[in-house]
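First the structure, in the form of structure tokens, and then the observations on it.
The values are calculated or read from the model by the stated rules, or taken from the named source; none is laboratory data. Computed from a predicted model, the values in this text were never measured in an experiment. Ideal geometry is used to build each Cβ from the backbone, glycine not excepted, and the neighbour counts take in all protein chains shown.
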Amino acid sequence: MLMRTRILAAVGVGLALLATASACGSSKPKTGTPSYAATQASFAAGSTMEKLHNAGKINIGVKFDQPGIGMKNPATDKPEGFDIEIAKVVAAALGLKPEQINFQEAVSKNREPFLQNGTVDLVIASYSITDTRKKVVGFAGPYYQTGQQLMVRKDDSSIKGPDDLSGKKVCSVTGSTPLANIQNKYKSAIAVPFATYTECVQQLTNGSVDAVTTDGAILLGYAAAQPTKLKVVGEPFSKEKYGIGVKLEDTAFRNFINDVLQKAIDNGDWKKAYEATLGKSGNAAPQPPTLERY
Amino acid sequence: MQVLIDNWGSILRAFLETLELAGLSAVVCLIVGSLLAVMRVSPIPPLRLFGSGYVTIVRNTPLVLVFILVVHGLPELGLKGSFFTRAVIALSVYTAAFVCEVLRSGMLTIPAGQAEAARALGMTFGQNLRLVIMPQAVRAVLPPLTSVMIALLKNTAIAEAFGVAEATGKMDDLVRDHADAILPIFIAFAAGYMIITLGLSRIVAWYERRAAAS
């Protein structure tokens with residue numbers, strides 16, 4: 001969605017240049033992404049923070065296929081989204097500029113191995129905090145809270161919530177938590193795995209599946225792009241808390257990131273990050289979540 | 001390890017789905033591949049052209065692309081089979097090109113003199129193929145044909161991203177819920193695939209020995 005508006009904006013700018021200030025009302029000038037408060041503080045010797053600060057570089061695992069959260073923009077070849085902004089907030093606190101972040105795609109099944117073998121220093125990839133995962137990685141946050149919802153075709157009034165899914169085909173991403181919720185809690189529904197949400201949406205519009213399910217924020221983005229064909233129905237029926245993954249044993253780093261997040265929530269950086277990304281769907285910024293320091 | 005014991009029933013069901021997918025696709029692609037191979041050696045130029053065109057296009061297209069075309073393209077044409085059917089079509093379309101080439105290479109190993117002799121005896125092109133060329137060609141290409149079938153079986157894993165809940169999809173489910181046991185899960189599923197492919201190789205080896213003895 002973001003991508004499409006960007007392209008539209010770019011096309012709009014081009015048209016405006018050609019057609020000398022004709023009515024091209026829909027294309028607003030592109031707003032830059034916000035910058036975040038940087039610290040010049042020195043860090044304890046031997047800490048991960050000091051190492052990253054001195055290296056002048058940080059590897060962060062993010063998603064490349066989730067609009068609004070972490071999505072690689074094919075036009076700029078750079079990832080965009082709320083997770084990306086949070087990554088910049090953390091990097092700024094380490095005294096690093098956005099250009100010094102090396103974003104790497106971390107698909108769901110790569111997140112734990114990437115942290116454990118040091119491929120990435122952090123994972124910020126719509127990474128839900130769960131008890132099983134807490135056994136193998138450390139979580140700072142949560143920095144965002146969302147819930148699973150359903151999206152259906154506009155003309156379909158038979159599905160109003162997860163209890164209406166009996167015998168219906170429900171699409172979500174292979175190996176994702178929303179798909180597991182359908183498989184485990186709504187067994188009469190038929191879970192259909194696809195590689196990306198975009199493909200699920202396509203199967204929904206061509207009638208091969210009856211609903212697409214995942215976190216509400218992502219669905220709203222798709223529904224907003226095709227408002228005549230799609231709608232999001234029902235209340236959220238799960239609670240997902242996105243956390244920042246670090247190495248299990250690196251408690252000092254985890255505490256540091258929690259402090260950074262708390263500061264970002266207090267000084268408005270968190271809200272800025274939201275408004276530059278998920279907020280574009282038209283939904284006002286929610287109450288920031290309370291950090292779980294454990 | 002506990003994860004594997006707790007879930008062995010659903011793991012087995014997922015591998016059955018993989019087997020069904022591979023088995024059905026194998027039957028379809030062997031039939032289509034044989035037809036293509038016959039086209040490529042036939043005396044009729046348009047058929048030869050069609051056969052070589054099919055192989056050139058399909059064999060040089062990544063399988064994922066074939067899947068995307070079939071799974072997303074067929075509904076645009078108004079054809080909405082189940083996701084399983086669409087996966088069988090995609091796998092068969094793709095693998096048939098390889099089956100065709102393997103069979104054709106087998107046919108080419110038969111000295112031209114044999115086909116000429118058969119024709120001199122008054123055999124038609126069809127009789128020639130059925131009675132003289134094919135029986136020898138198939139025996140010659142059993143090992144590479146087995147490799148193609150093994151590749152087909154492993155290629156079914158792509159269907160996990162196109163609506164079919166097969167073995168690799170199950171693996172991803174387990175990995176998500178049991179982040180503390182990723183390695184045992186990976187190894188177990190690799191072993192699962194190996195059991196099937198080794199089984200297939202054994203059956204072919206047994207058949208080859210029998211064919212050699214007769």
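Descriptive notes on the structure:
- Of all residues in region A:235-281, those that are charged (D, E, K, R) and modelled with pLDDT under 90 total 5.
- Filtered residue count, region A:174-208, keeping only those that are more than 8 Å from chain B (Cβ to nearest Cβ) and without any contact (Cβ under 8 Å) to a residue 60 or more places away in the chain: 13
- Residues (in contact with a helix residue (DSSP H, G or I) (Cβ under 6 Å, 6 or more places away or on another chain), modelled with pLDDT of 90 or more and either surrounded by fewer than 17 Cβ atoms within 10 Å (Cβ to Cβ) or aromatic (Phe, Trp, Tyr) (or both)) located in region A:128-146: A:Lys135, A:Tyr143
- Taking region B:169-203 as the range and being buried (at least 22 other Cβ atoms within 10 Å of the Cβ) and within 26 Å of B:Phe98 (Cβ to Cβ) as the test, the residues that pass are B:Gly169, B:Met171, B:Phe189.
- Filtering region B:76-84 for residues that are aliphatic (A, V, I, L, M), over 20 Å from the mean Cα position of the chain (by Cα) and within 10 Å of chain A (Cβ to nearest Cβ) leaves an empty set.
- Residue identified as farther than 28 Å from A:Thr33 by Cβ, among the acidic types (Asp, Glu) and crowded, with 17+ Cβ neighbours inside 10 Å among A:Asp210, A:Asp269: A:Asp210
- B:Gly192 meets each of the listed conditions (1) touching a helix residue (DSSP H, G or I) at 6+ places or on another chain (Cβ under 9 Å); (2) within 23 Å of B:Val55 (Cβ to Cβ); (3) more than 14 Å from every other protein chain (Cβ to nearest Cβ) apart from (2).
- Within region A:96-143, the set of residues being away from chain B (no Cβ under 12 Å) and assigned to a strand (DSSP E or B) comprises A:Ile101, A:Asn102, A:Phe103, A:Gln104, A:Glu105, A:Leu122, A:Gly138, A:Ala140, A:Gly141, A:Pro142, A:Tyr143.
- Some residue of region A:176-191 being more than 16 Å from A:Ser128 (Cα to Cα), within 19 Å of the chain's Cα centre (by Cα) and among the β-branched types (Val, Ile, Thr): no
- In region B:91-131, the residues that are under 30 Å from B:Ala151 (Cβ atoms) and of a type in the set (Val, Ile, Thr): B:Val93, B:Thr95, B:Val99, B:Val102, B:Thr109, B:Ile110
- Top-ranked residue of region B:142-171 - restricted to ones that are in contact with a Pro (Cβ under 8 Å, 6 or more places away or on another chain) and in a helix (DSSP H, G or I), ranked as nearest to the other protein chains (Cβ to nearest Cβ): B:Ala161
Residues are listed down the side, and each one gets a yes or a no for (1) at pLDDT 90 or above; (2) under 30 Å from B:Ala205 (Cβ atoms); (3) surrounded by 18 or more Cβ atoms within 10 Å (Cβ to Cβ); (4) touching a strand residue (DSSP E or B) at 6+ places or on another chain (Cβ under 7 Å):
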site: B:Gly51; (1), (2), (3), (4): yes, no, yes, no
site: B:Ile57; (1), (2), (3), (4): yes, no, no, no
site: B:Val66; (1), (2), (3), (4): yes, no, yes, no
site: B:Leu69; (1), (2), (3), (4): yes, no, no, no
site: B:Gly81; (1), (2), (3), (4): no, no, no, no
site: B:Ile89; (1), (2), (3), (4): yes, no, yes, no
site: B:Arg104; (1), (2), (3), (4): yes, yes, yes, no
site: B:Pro111; (1), (2), (3), (4): yes, yes, no, no
site: B:Leu131; (1), (2), (3), (4): yes, yes, no, no
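- Residues of region A:82-140 that turn out to be touching a residue at least 24 places away in the same chain (Cβ under 8 Å) and either outside the structural domain of A:Ile265 (by TED's automatic domain parsing) or acidic (Asp, Glu) (or both), as a count: 5
Condition check ((1) in contact with a helix residue (DSSP H, G or I) (Cβ under 7 Å, 6 or more places away or on another chain); (2) at pLDDT 90 or above; (3) small (Gly, Ala, Ser)) across all residues:
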| site | (1), (2), (3) |
| --- | --- |
| A:Gln149 | yes, yes, no |
| A:Ile159 | no, yes, no |
| A:Ser166 | no, yes, yes |
| A:Lys169 | no, yes, no |
